[in-house]
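A short worksheet on the structure shown next.
The values are calculated or read from the model by the stated rules, or taken from the named source; none is laboratory data. Computed from a prediction, not measured in an experiment: that's the story for all the values here. Glycine also receives a Cβ, built like all others from the backbone with ideal geometry; neighbour counts cover every protein chain displayed.
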Amino acid sequence: MAADRFKEKTVVLSGGGRGIGEATARRFAREGAEVLLIARTGSEIDAVAADIGAGGGKASAFAADVSDPAAVDRAVEAARDRFGRIDVLVNCAGIDHDSPFLSFPDDAWQRVIGVNLTGSFLMAQRVARVMTETGGGSIVHISSIDAYGADGNQVAYNASKAGLLGLNRTMATELASHGIRSNVVSPGYTATPLTRQYVGDAMYEYMTKDFDRIPQRRMATPEEIAAAILFLASDDASAITGSELTVDGGTTANLYIVETLPAG
Ligand code: NAD
């Protein structure tokens, strides 16, 4: 592993308080970056930033709701003041709401689209404006395999994650001339607090060890998603923009459903 791919680089990362965002922030710091964590829950990102600092890395935190344009303005301004430039943005903040389509509440639709899609747009636009003035950069959005195939009862989540693909392609097309790359990482099932909150103990254990829907038979770890994010953010991916990298243990490649059919 190249241990210093991000030496002297600055990274802004939304949703770094736990799960995939936390693992990604820790990996960026290990590879030499200075990281600003942005999430709604200040106590979580304060703790992650302090722990990274205690381990010799460079990280700080700024509490902001990414669905609020004024809060995003303040967060990106803080990043510019602190760093002078922004080399990398990772849009990782995300929420879900489970409800059947026919009774899906309007306010839940607005909230999920507001954080996952509008929040990613706001962060990307504000950060890209800074990047255009400081020589370019790399932006990675975190979508989901739910952008390609629907998980039931979560229409707003699925639509928001599919919407990110259009946001990504548009940004790649419009921003290449400014030296800005934009890409998507689409995780499959990943062992994080978000996943944990939707399943019981036995199911979580099964998904971790013997998940027969997935060719690799297990969820990914947050660290495995982080590795893909850092690749796309790094100069190793210098000719990659507008792309989508699926990290799902083969889930979306697998149409083999025989094991789920009734026996006999
Ligand atoms: P998580 O719930 O563990 O963490 C989400 C983070 O987003 C937290 O730090 C939280 O504070 C932050 N956040 C939520 N709302 C916010 C807001 N309005 N403003 C700022 N920050 C906010 O989630 P995770 O499982 O680590 O997922 C991270 C991303 O990966 C999400 O976009 C999620 O949709 C996506 N994803 C997760 C999985 C999975 O299986 N866990 C699969 C595919 C995609």
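Remarks
- Take the conditions (1) at pLDDT below 95; (2) away from the ligand (no atom under 14 Å from the Cβ); (3) among the charged types (D, E, K, R); ARG213 misses just one of them, which is (2).
- Looking across segment 104-135, just one residue is away from the ligand (no atom under 16 Å from the Cβ) and touching a His at 6+ places or on another chain (Cβ under 6 Å), and that is THR132.
- Subset of segment 132-146 [within 19 Å of CYS92 (Cα to Cα) and touching a residue at least 40 places away in the same chain (Cβ under 8 Å)]: GLY137, SER138, ILE139, VAL140, HIS141, ILE142, SER143, SER144, ILE145
- Taken together, the residues in segment 67-107 that are under 20 Å from GLY152 (Cα atoms) and within 20 Å of the chain's Cα centre (by Cα) amount to 5.
- Taking each residue of segment 14-41 that is on the phi > 0 side of the Ramachandran plot and looking for partners that are surrounded by fewer than 24 Cβ atoms within 10 Å (Cβ to Cβ) and in a helix (DSSP H, G or I) with beta-carbon atoms closer than 7 Å, six or more apart or interchain, yields GLY19/PRO193; GLY19/LEU194; GLY19/PRO222.
- Qualifying residue in segment 124-135 (condition: buried (at least 21 other Cβ atoms within 10 Å of the Cβ), of a type in the set (Val, Ile, Thr) and touching a Ser or Thr at 6+ places or on another chain (Cβ under 7 Å)): no
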